[in-house]
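**Q** Handing you this structure, nothing more for now.
The values are calculated or read from the model by the stated rules, or taken from the named source; none is laboratory data. Remember, it's a predicted structure, so these values are computed and weren't measured experimentally. Quick reminder, even Gly has a Cβ in these numbers, built from the backbone with ideal geometry, and neighbours come from all protein chains shown. Only protein heavy atoms, including side chains, enter the accessible area calculation; ligands, DNA and RNA are left aside. Shrake-Rupley method; radii C 1.70, N 1.55, O 1.52, S 1.80 Å.
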Amino acid sequence: MTSAEAGRETVELLQRLIRVDTTNPPGNETAAAELLRAYLEAAGVECALYARVPERANLVARIRGRGDGPSLALLSHTDVVLADPAEWTHDPFAGELVEGEVWGRGALDMKGEVAASAVALATLAREGWRGSGDLIFVAAADEEVGDGFGLEWLVEEHPDAVRSDFSVNEGAGDRVELGGGVYYVCATAEKMSSPFVLRVHGRSGHASMPSIADNALVKAVPFVERLGAFAAEPRVIPEVSAFFETVLGEVPDAADALAVARGISPLAAELVEPLLAMTVSPTKAHASDKRNVIPAVCEITVDVRLLPDQTPAEAEAALRECLGPGAYELELIEGRGGTRSPIGGRLWDAIEEFVAAEEPGARPVPACVAGFTDSHWVRDAFGTVAYGFFPARLDPQLAARLIHSADERVPVSDLELGVRFLRHVATTVCA
Ligand SMILES: [Zn+2]
């Protein structure tokens, strides 16, 4: 099968997937899982659906290996975020092919990769390919909301179905030009989301007589200002070190790292800046519900992102130091994510080889992503070497504007590139 033929098959499957509305909530991912099962079983691929509730099924497909080599899972999710057709140039659920691009909700995040993964398995199965270890394809539900119907649940309830030595997922793969070189970004780690609530107490009273009350909102202001000015000491984590090593051949001191990245390009600075330290952003405030009542309590929600090796306890200590003494409570809401995989080894080599073959001189560059992906669950549960990598030549700044937004679309050429990559990585890692 030629790359163009695999690309055409991916386009058709993606169009059908976009037409299945899996907006989460409510999700209804079973319809997408059944469509994928029918497609894969027709190619002779073994499939199973796993569902916590009938309408939210996860699909797991597998080409069994001989059992003497590493296994690889192609991870993905079938749910999408809301789309308002009024904002779109083309119907978000029609899957139209317009001038070399497939339009629709999920085209980039991430039904395009779902379709490419399914086509990689189906074409390999039709060719009679079999690896040393299992090649697994997981099309999970509920990644966008994360209410416990998707990969988090599979890892808990059906670990044998989704355990693998290596995995590839969404998260990166963008082609970037930095300092005259061409790189494809590979996400090897994630920051941890560790939000806090700051609670400041006062005494309520009628708003017409402020002197008899003790206004918690007013008392919260200096604390909010201190949080807004928070700046942690920068550090160079292994992903940033490898980034500079790859692009510059040397690693700057932590204090100079941002300036050096700016010297490479604004894009390099954008990639590096969130990874130099934990970040703190007060984002929500709640005090009185009534205009004429002085609030007794003011609650400030603080978004906090930690480096992969930092803990919520470290964050709490840093926040308390920033806030200084005073009458407040600080409470951790939830800690999520914050895992990493080593840079290098069999999967890394397969990616490096692919990138160099596609574009002579191009190299993968590691990155730690500031957001959360499902890769976290398999790193955490099984120690899987999990990378976010689906190669794309679409301008990453345009992609960032389209994901979760109007007019989401994917170039057919990137779908072709994606299937070529997934077939390469499957046959190389599970060789
Ligand atoms: Zn996604």
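**Q** Per residue of the chain, what 222 nm ellipticity follows from adding -39500 (n - 2.57) for every DSSP H run with n ≥ 4, rounded to the nearest 500? Walk me through the numbers on the way to the answer.
**A** Numbers: 14 runs with 154 residues, N = 431.
Estimated from H runs of four or more residues: -11000 deg cm²/dmol.
**Q** Then there is this: With a/c under 1.5 counting as rounded, go ahead and sort the chain into rounded, prolate or oblate using the C-alpha gyration tensor (a ≥ b ≥ c being the square roots of the eigenvalues; past the cut-off, prolate if a/b is larger than b/c, else oblate). Show your work: numbers first, answer last.
**A** Values: a/c = 2.01, a/b = 1.57, b/c = 1.28.
Prolate.
**Q** Show which aspartates and glutamates lie in cross-link reach of LYS284 when reach means a straight Cα distance below 13 angstrom and same-chain residues fewer than eight apart are skipped.
**A** Here the aspartates and glutamates satisfying the reach criterion relative to LYS284 are GLU299, ASP303.
**Q** If I stretch the segment between ALA285 and CYS322 completely, what's the gain in nm (0.36 nm per residue apart, minus their alpha carbon distance), one decimal? Working shown, then result.
**A** Working: separation 37, 0.36 × 37 = 13.32 nm, distance 1.85 nm.
Between ALA285 and CYS322, full extension yields 11.5 nm more.
**Q** Normalised by the residues of the range 33-171, what does the relative contact order come to in percent, with Cα pairs under 8 Å and at least six apart?
**A** The value is 37 percent.
**Q** Further question: Let me make sure I get this right: for the range 71-169, a, b and c are the square roots of the gyration tensor eigenvalues over alpha carbons, sorted descending. Under 1.5 in a/c it's rounded, otherwise prolate if a/b > b/c, else oblate. Which is it? Numbers along the way, then the final one.
**A** Values: a/c = 3.75, a/b = 1.43, b/c = 2.61.
Here the range 71-169 falls in the oblate category.
**Q** Could you rank THR427, THR123 by how accessible they are, 1.4 Å probe, largest area first?
**A** Of THR427, THR123, the descending order of accessible area is THR427, THR123.
**Q** Each label point is 7 Å from the Cα along the Cα-to-Cβ direction; what then is the distance between the points at ASP309 and ALA431, in nm?
**A** Using points 7 Å along Cα→Cβ, the separation is 3.2 nm.
**Q** Given a 1.4 angstrom probe, what's the average accessible area per residue across the range 316-431, in square angstrom?
**A** Spelled out: the 1.4 Å probe surface of the range 316-431, per residue, equals 40 Å².
**Q** Can I ask one more? Can you give the FRET efficiency for ASP214 and ARG8, using 1/(1 + (r/R0)^6), R0 = 60 Å, r = Cβ-Cβ distance, to the nearest 0.05? Intermediate values should be presented prior to the final figure.
**A** Details: r = 69 Å, r/R0 = 1.15.
Computed FRET efficiency for ASP214 and ARG8 comes out at 0.30.
**Q** If you don't mind, there's one more thing I want to ask. In whole percent, and with a 1.4 Å probe on the protein chains, what portion of the accessible area of the range 26-134 is carbon and sulfur? Before the final figure, lay out each step's value.
**A** Numbers: 1970 of 4040 Å².
Here it works out to 49 percent.
**Q** Taking all protein chains as present, what is the carbon and sulfur share of the accessible area of the range 343-400, in % to the nearest whole number, probe 1.4 Å?
**A** Details: 1100 of 2150 Å².
Reported share for carbon and sulfur atoms: 51 percent.
**Q** Nearest 10 degrees is fine. How inclined is helix 346-358 to the longest principal axis of the chain, computing both from alpha carbons?
**A** 70
**Q** When a/c is below 1.5 the answer is rounded, else prolate if a/b is larger than b/c, else oblate, so apply that to the range 10-69 with a ≥ b ≥ c taken from the square roots of the Cα gyration tensor eigenvalues. Provide the component values of the computation, followed by the final result.
**A** Numbers: a/c = 2.67, a/b = 1.50, b/c = 1.78.
Cα axes put the range 10-69 in the oblate bin.
**Q** Please compute the modelled spin-label separation between GLU34 and SER132, points set 7 Å along Cα→Cβ, answer in nm with one decimal.
**A** It works out to 4.1 nm between the two label points.
**Q** Another question, if that's okay. In nm, give the distance between the simple-model label positions of GLU55 and HIS201, each being 7 Å from the Cα along the Cα-to-Cβ direction.
**A** 4.4
**Q** In Å², what does the accessible area per residue of the range 110-202 work out to with a 1.4 Å probe?
**A** Details: 2500 Å² over 93 residues.
Per residue, the range 110-202 has 27 Å² of solvent-accessible surface.
**Q** Please quote Rg/Rh for the range 152-226 to two decimal places, taking the Kirkwood radius as Rh and restricting both calculations to Cα atoms. Before the final figure, lay out each step's value.
**A** On the way: Rg = 25.2 Å, Rh = 18.8 Å.
When Rh is taken as the Kirkwood radius, the ratio is 1.34.
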